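Notes to accompany the following structure.
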Amino acid sequence: MGSIFLPIIIAVFIFLSGVRIIRPTSRGLIERFGKYHRFAEPGFHWIIPWVEVIYIVNVTEQMVNADTQEIITNDNLNAKVDAQVYFKIKPDEESVKSSQYHVYNYQVQIVNLARTTLRNIIGTMTLKSANSERGRINTDLHQILGRETESWGLEIVRTELKEIDPPKDVQETMNKVVKAENEKIAAIDFATATETAADGQKRAEIKKAEGIKQARILQAEGEAEAIRLVNEAAEKYFVGNAQLLRRLEAVEKSLSQNTKVVVPINSELVNVIGELAGIVPVKK
């Protein structure tokens, strides 16, 4: 009986020894006698024990930190620079093969390539421009790394420049310059606000003076119109009555001095006196 079960046990052991499960986050490269044989997608796989070997490759996004280094800028200042690179191996067969067969250690290679690229980029810039153009540095670093690692089966997802720190004395000087610029801007803003307020007050005073002037003009025009109306009324109603009054006064004076008045025949005395005074005679 023992001789019957022994081959079965050996067969089960060999079968279990060759079982491999690949997760969705990985891909596999199966080699037979040291030579690439086939590509392993996520799922169940069986390899021949001691004949075939499977290498599991992670295809999720990874991050490497380009260690801090001192870089001399174009204006001969030292700056401590640090960056991070995010990448992943493309999940297709050729890319996974390239990541294992075209580069010895892609993580170490990416770090060294990123450090060298940063020195080349920042070395052509002044310290001030490097600090103000971080987006450009990230873009250039991303493009260069993507182009250089294309044959490695990698995809550079993004790069992030963590810091650009100048020497301590340079940093203090830069802080003073920034503070002076901020104070200058604040002073200009205050002067502009004061000037604006003064202009507003000036315009308000001008409007007020124009209003008083216009009111006085209207008042004078009203008074002139009133005088004109009074004069017209006087001319219309008073001048004639004054003339009549003067005639009556002349008649009265004449009569008081016993002046002789010739009365026509068949005329009434009242009408004669009225004609002397300029009054229309009474009709019979």
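Take each peptide in 33-45, 80-92, count the other Cβ atoms within 10 Å of every residue, and average; sorted highest first, the result is 80-92, 33-45. Charge tally around Glu163: other residues with Cβ under 15 Å, Lys/Arg +1 each, Asp/Glu -1 each, net -1. About its Cα centre, region 2-58 has a charge dipole of approximately 120 debye under the convention of +1 per Lys or Arg Cβ and -1 per Asp or Glu Cβ, with nothing else charged.
Computed from Cα atoms alone, the Kirkwood hydrodynamic radius reported for region 62-165 is 14.0 Å.
Shown in residue order for region 139-148 are the 3J(HN,Hα) couplings computed by the Karplus curve 6.51 cos²θ - 1.76 cosθ + 1.60 at θ = phi - 60°: 5, 4, 5, 4, 5, 5, 4, x, 5, 6 Hz (x for Gly and Pro).
Less than 5 angstrom separates the built amide H of Val59 from those of Ser26, Arg27, all sequence-distant by 5 or more or on a different chain. As a ratio to 2.2 N^0.38 Å, the alpha-carbon radius of gyration for region 2-58 is 1.33.
Amide hydrogen proximity for Arg158: with H placed 1.01 Å from N in the peptide plane, the residues at 5 or more positions away or on another chain lying under 5 Å are Tyr86.
The phi-based Karplus calculation (6.51 cos²θ - 1.76 cosθ + 1.60; θ = phi - 60°) puts the 3J(HN,Hα) values of region 91-98 at x, 6, 4, 5, 5, 5, 5, 5 Hz, whole numbers, x for Gly and Pro. Counted by Cβ distance under 14 Å from Ala215, the other residues give a net charge of +1, where Lys and Arg count +1 and Asp and Glu count -1.
Each other residue within a Cβ distance under 14 Å of Asn138 adds +1 if Lys or Arg and -1 if Asp or Glu, for a net charge of -1.
A short reminder: the numbers here are calculations on the coordinates, not readings from a lab. In this text, all values refer to a predicted model and were calculated from it rather than measured experimentally. Positions of Cβ are backbone-derived with ideal geometry, glycine not excepted, and every protein chain shown enters the neighbour counts.
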